Ligand code: HAM
């Protein structure tokens with residue numbers, strides 16, 4: 001598009017029409033979602049397992065741009081695949097370049113391998129990534145237009161041990177996330193075996209053209225391997241009796257595949273042979289595999305998949321004969337499975353200690369104290385709030401183990417109040433000793449699944465000597481309860497908000 005025309009198009013069609021017609025609010029684009037703070041615990045679980053497996057097997061993180069030249073995917077993922085022909089978010093940018101939001105990660109990793117001369121590093125070069133991918137698919141449960149995928153690629157190795165280890169790594173991530181899955185494996189051979197197979201496949205499908213969907217009629221001409229990918233019921237039935245690629249493998253491919261299976265047996269992995277798996281992307285050869293949820297074996301939605309792509313580096317302009325293998329996982333789908341399992345998970349940030357304050361002087365001191373404490377403890381606060389009641393309610397909701405309370409009286413005495421939220425006891429501590437006291441108490445929690453092992457009887461006894469606590473000009477009897485803490489106690493001080501706690505929370 002010429003530049004002038006492009007500018008006009010941008011102003012008229014993009015800037016002015018920000019939201020779909022008729023909608024007052026701007027909401028997310030169809031097929032795209034927000035992942036909210038309360039859901040991060042599930043995502044962190046999977047991402048944590050991705051990172052762990054990367055460390056365990058020696059993969060380095062690579063971050064590639066979300067936008068690439070569209071040509072990258074046309075050449076690698078393949079013209080003729082649904083991902084490229086129908087689903088790519090592609091556009092012409094202000095400079096007139098044809099750009100695409102990445103639909104998958106493998107092409108970018110291969111581009112980076114070539115662009116940065118990684119061929120000169122010890123092979124295989126092992127990289128992993130995690131991030132958003134974009135495919136303009138029909139949105140439905142488990143199928144989004146922006147989804148998250150984590151992928152592992154090892155470039156520069158053709159041994160079957162790598163294939164088996166790749167399959168194992170993906171399985172480990174899913175399994176460690178608490179999701180049961182089975183692995184489906186196949187070999188689609190090399191280009192030579194596939195030529196023979198394609199001929200046999202087309203010959204077979206020609207006998208069934210009347211029952212085939214339009215897509216399959218097209219695939220017969222353009223990309224016969226994809227006939228096996230069709231999910232239309234009428235085509236599924238035909239697929240059942242189609243020739244199997246395994247019968248067409250040449251000796252080398254057969255040997256390679258037998259070795260992969262031998263290693264999988266050795267590892268005792270739950271796999272089945274599925275001769276219908278061809279994968280929807282163009283670059284695969286030899287081993288291909290998918291992870292399917294164990295409780296969902298009929299599902300058309302794989303949790304992940306991968307395989308060898310021995311010809312891709314060369315095809316993209318890299319060194320001849322650079323074999324490679326990898327896999328990608330659908331994090332949205334794995335997260336959905338974790339949620340279904342209803343396993344209780346700790347929130348992403350579960351603080352141990354809440355710092356509350358009352359009064360201007362206490363607030364200032366608390367601001368500084370917080371900076372000290374946050375370095376060594378899992379802290380929370382609402383120092384912007386003036387009401388003690390509101391702060392204590394916040395602490396309660398967060399289910400912290402301890403709350404520190406700094407009032408005007410404590411500021412002038414050089415103390416701070418420490419409340420054990422579990423044992424419901426509170427003590428007055430020397431302000432300068434609070435870090436040591438907290439460390440001592442929190443240590444008792446560790447290794448006991450968060451259940452306090454503080455001997456409350458003993459603490460209570462110790463507390464009885466301290467129970468009479470002077471809040472400003474009145475002496476109050478503490479009853480180890482928040483209600484009582486505020487009920488009538490008053491904080492001495494020069495600020496109106498400082499003086500009375502009663503009824504404040
Ligand atoms: P893929 O099978 O196209 O492979 O995608 C990997 C995984 O991403 C899928 O198994 C699925 O779980 C998830 N996924 C795909 N599309 C969607 C979607 N629209 N919504 C939600 N999840 C989706 C690849 O992308 C290859 N690059 C994998 C690979 C790496 N092969 C070798 N190396």
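The values are calculated or read from the model by the stated rules, or taken from the named source; none is laboratory data. For clarity, every value in this text was computed on a predicted model and none was experimentally measured. When we count neighbours, we look across all protein chains shown, and the Cβ atoms used for this are built from the backbone with ideal geometry, even at glycine.
Okay, here's what the table says:
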item	result
Residue match in segment 331-343 (condition: more than 19 Å from the chain's Cα centre (by Cα) and modelled with pLDDT of 95 or more)	no
Tally of residues being without any contact (Cβ under 8 Å) to a residue 24 or more places away in the chain and not in a loop (DSSP other than H, G, I, E, B) across segment 352-400	7
Condition broken by residue 253, with the remaining ones in (1) touching a strand residue (DSSP E or B) at 6+ places or on another chain (Cβ under 7 Å); (2) closer than 22 Å to residue 304 by Cα satisfied	(2)
Of residues in segment 302-341 being touching a helix residue (DSSP H, G or I) at 6+ places or on another chain (Cβ under 7 Å) and farther than 25 Å from residue 257 by Cα, the one surrounded by the most Cβ atoms within 10 Å (Cβ to Cβ)	334
Lone qualifier among 110, 125 - being more than 30 Å from residue 337 (Cα to Cα), within 11 Å of the ligand (Cβ to nearest atom) and crowded, with 23+ Cβ neighbours inside 10 Å	110
The listed residue being under 23 Å from the mean Cα position of the chain (by Cα) and surrounded by 23 or more Cβ atoms within 10 Å (Cβ to Cβ), out of 131, 142, 151	151
Residues that are within 15 Å of the ligand (Cβ to nearest atom) and not in a helix (DSSP H, G or I), drawn from segment 152-174	152, 153, 154, 155, 156, 157, 158
Residues being surrounded by 18 or more Cβ atoms within 10 Å (Cβ to Cβ) and touching a residue at least 40 places away in the same chain (Cβ under 8 Å) - total across segment 200-222	1
